[in-house]
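To keep things clear, I will list the structure first and then write my remarks on it.
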Amino acid sequence: MKRIFIAYFLLHVSLCAQVLILDDFRANVFSKADKRPVEIKLGLIFEGDSVQAHDYKVIDALNVIVSSYYAEDLVTSRGKELFKSTLIAYTKKAHSLTIDTIYIKELSVKMNPAVKEIVEAIKKEGIFQQNNAPKQQAKQQQQTPENYLAPPLPRKLPLPDENAINF
């Protein structure tokens, strides 16, 4: 009789649990290496009592906890488990909300390059040439439509003929 009662109780508890799905949660965290902000994208599933009714509390707790981690810590398996347990403990303590389980559907880290790095990469590729760009545009405008496929003429002067008279 006890076993039937326990099975009924566990079935009733599992049916009362609610599910909250956050598909596209974005936040900025810091990187350990260069102390710059890094954008992360999370997809999470929360199971617990009244998580759908109090989704704003879950999102607030998620914002607080995710900002306390470095990007490098969130991508390791140990860091993910620590993140989940910290989030469950924080929501219970701060918002009196019980979360049974958190599942991570997606966790991606997007490095935001600095402006210097972008300019250096463009210079390295040879795309960015300030001095030659206006000259090339002027040459293209001077070409007539008839010979736009013809290669440009050389700028060297022709050599004088041997029999020519030089003044």
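The values are calculated or read from the model by the stated rules, or taken from the named source; none is laboratory data. Fair warning: this is a prediction, and the values are worked out from it, not measured in the lab. Here the Cβ positions follow ideal geometry from the backbone for every residue, glycine too, while neighbour counts run over all protein chains shown.
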TODO: Output the residue which, of all residues in region 42-75 that are among the polar types (S, T, N, Q) and not in a helix (DSSP H, G or I), is farthest from S31 (Cα to Cα).
DONE: S50
Open item on the list: With within 23 Å of the chain's Cα centre (by Cα), hydrophobic (A, V, I, L, M, F, W, C) and modelled with pLDDT under 90 as the only criterion, which of A33, A27, A7, A17 stands out?
Closed with: A33
TODO: State whether the residues of region 76-94 include one that is surrounded by 13 or more Cβ atoms within 10 Å (Cβ to Cβ), modelled with pLDDT of 90 or more and not in a helix (DSSP H, G or I).
DONE: no
